[in-house]
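The values are calculated or read from the model by the stated rules, or taken from the named source; none is laboratory data. None of these values were measured; they are calculated from a predicted model. When we count neighbours, we look across all protein chains shown, and the Cβ atoms used for this are built from the backbone with ideal geometry, even at glycine. What goes into the accessible areas is simple: the full protein's heavy atoms, side chains included, and nothing from ligands, DNA or RNA. Shrake-Rupley method; radii C 1.70, N 1.55, O 1.52, S 1.80 Å.
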Amino acid sequence: MQQTLKTVMLVLMALLLATGCKKKEEPKSVEAVSPPPHGAKKESVIVEPDSVKGKWKAVKIAVTDKSTNKEAVYTVAIGTQFSIPDTDLAVNVESFLPHFTMSGAVMTSQSNEPKNPAARVRVYEGGKEIFKGWLFSLYPTTHAIQHPRFGFTLVGFIPAG
């Protein structure tokens with residue numbers, strides 16, 4: 001019995017020594033991937049298909065004064081800037097895509113049919129740009145401009161001649 005106990009003890013000690021003496025592996029260094037610089041993002045590209053070019057002349061934008069709950073609709077020609085009366089706001093309609101689609105950073109129109117109308121606009125207050133983005137006719141709250149007093153909605157579009 002003592003012989004068996006000694007043998008078990010020797011085997012245990014040999015195992016402890018064998019596992020305890022293994023050279024520890026150095027942790028492999030992981031190459032850190034640095035994030036893009038603050039504020040850097042991929043610039044979007046607007047592709048206006050030939051089937052859409054020149055087919056639309058203006059959009060109708062409803063401007064709601066939240067303080068009085070009054071709405072006025074303005075027709076703004078595509079490619080022009082419009083100053084909103086009695087305010088220091090101006091809206092520049094850069095482009096209109098009647099069937100807006102987006103793939104990655106590319107925005108285009110699948111057709112000339114107004115299935116998902118969207119207008120790319122810039123809004124200025126006191127000459128300073130406060131919004132650059134899209135107004136969607138079917139989804140007016142998607143990426144909507146956040147202004148304390150005024151709301152902007154794409155409510156119509158006018159075909160060319």
Practice prompt. Just the number, please: carbon plus sulfur as a percent of the accessible area of region 70-125, 1.4 Å probe, no ligands or DNA/RNA counted.
Written response: 47
Fill in: Cβ-based net charge around GLU71, under 12 Å, with every Lys or Arg adding one and every Asp or Glu removing one
+2
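Normalised radius of gyration for region 64-139, please: alpha carbon Rg relative to 2.2 N^0.38 Å, two decimal places. Let's see the in-between values first.
On the way: Rg = 13.8 Å, N = 76, 2.2 N^0.38 = 11.4 Å.
With N residues counted in region 64-139, Rg over 2.2 N^0.38 Å equals 1.21.
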Discussion item. A 22 angstrom limit on the alpha carbon distance is what I want to check against. Which of LYS53/LYS115; LYS66/LYS115; LYS55/LYS115; LYS60/LYS132; LYS57/LYS128 exceed it?
Written reply: LYS66/LYS115; LYS57/LYS128
Worksheet item: Lys/Arg Cβ at +1, Asp/Glu Cβ at -1, dipole of region 70-161 taken about the Cα centre: which of PHE152, THR101, PHE131 is farthest positive-ward?
Response: THR101
Worksheet item: If Lys and Arg each add +1 and Asp and Glu each add -1, what is the summed charge of the other residues whose beta carbon sits under 11 Å from the beta carbon of LEU154?
Response: +2
Item to complete: Net charge near PRO98: determine it from the other residues with C-beta under 13 Å of the C-beta of PRO98, scoring Lys and Arg +1 and Asp and Glu -1.
Response: +3
